[in-house]
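What follows is a structure written as structure tokens; I'll ask about it next.
Rule-based calculations on the coordinates, nothing more; no lab input. Just so you know, these numbers come straight off a predicted model, no measurement behind them. Note: ideal-geometry Cβ built from the backbone for every residue, glycine included; neighbour counts use all protein chains shown.
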Amino acid sequence: MDDIQRWRSSVGKTWLLGAMLLVGSFTASVNATTPENYHQVSPELYRSSQPSAAQMQTLEQQGIKTVLSLRQWHDDDSEARGTGLLLRRVAINAAVINDEIVVTALREIRFALKPVLVHCWHGSDRTGLVVAMYRLVFENADKPAVLAELRKPEHGYHEKYYAGIARYIGDVDVSKIRQRVFADNLGKGK
């Protein structure tokens, strides 16, 4: 191999390495701005995993007004410090799902300043439940479509551990939940 060929080979490798680093750093910076499992559900609702403090600032810059946490043992106070985000919390145990907790979460969404980000730790199970019920109650979606969305791999539903979520969605009386969510004689969040 002569000097020119070696030079071309090294320039080509250097260019390729530079391009790979550039693409990798761009991807990392985009992924760092929003939480894992971040998806738009509707113009008024987004879903994700637990946002970091930096991600809370980015979410606010993107127009999110209210953050609804479904976590039992963690609030978002420290992550949202310094933002104008409104924080709400409905503590849900993914293994114990009932109408009362679902109605409470959906009423929080109903009365919240929009758009709303709903999240739990991974944005999979509790968040998947609330998003599924939102689709059934607010969008009149059908159960098979909602269950298919819940089970999409990108959402990360842990059906092996929380099969009760899909079972609840399959069995729930949607009209009864809708009536309670839209009943104005219940206090906000009740």
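Looking only at the stretch 81-137, which residues are in contact with a Lys or Arg (Cβ under 9 Å, 6 or more places away or on another chain), of a type in the set (S, T, N, Q) and surrounded by fewer than 21 Cβ atoms within 10 Å (Cβ to Cβ)?
93, 104
Which of the residues that make up the stretch 117-127 are closer than 14 Å to residue 38 by Cβ and either in a helix (DSSP H, G or I) or touching a strand residue (DSSP E or B) at 6+ places or on another chain (Cβ under 6 Å) (or both)?
Result: 117, 118, 119, 123, 127.
OK, next. Go over the candidates 146, 131 one by one and state the one that is among the β-branched types (Val, Ile, Thr) and farther than 16 Å from residue 49 by Cβ.
On inspection, the qualifying residue turns out to be 146.
Those residues that are touching a residue at least 60 places away in the same chain (Cβ under 8 Å) and either under 21 Å from residue 93 (Cβ atoms) or of a type in the set (A, V, I, L, M, F, W, C) (or both), I need them from the stretch 139-154; list them, please.
None - no residue of the stretch 139-154 is touching a residue at least 60 places away in the same chain (Cβ under 8 Å) and either under 21 Å from residue 93 (Cβ atoms) or of a type in the set (A, V, I, L, M, F, W, C) (or both), so the list stays empty.
Looking only at the stretch 166-182, decide whether some residue is assigned to a loop (DSSP other than H, G, I, E, B) and of a type in the set (S, T, N, Q).
No, that holds for no residue.
Let me ask something else. From the list 157, 134, exactly one residue is touching a residue at least 12 places away in the same chain (Cβ under 8 Å), of a type in the set (Phe, Trp, Tyr), assigned to a loop (DSSP other than H, G, I, E, B) and on the phi < 0 side of the Ramachandran plot. Which is it?
The match here is 157.
Please tell me if residue 93 is part of a loop (DSSP other than H, G, I, E, B) and on the phi > 0 side of the Ramachandran plot.
No; evaluated as a whole, the condition is false for this residue.
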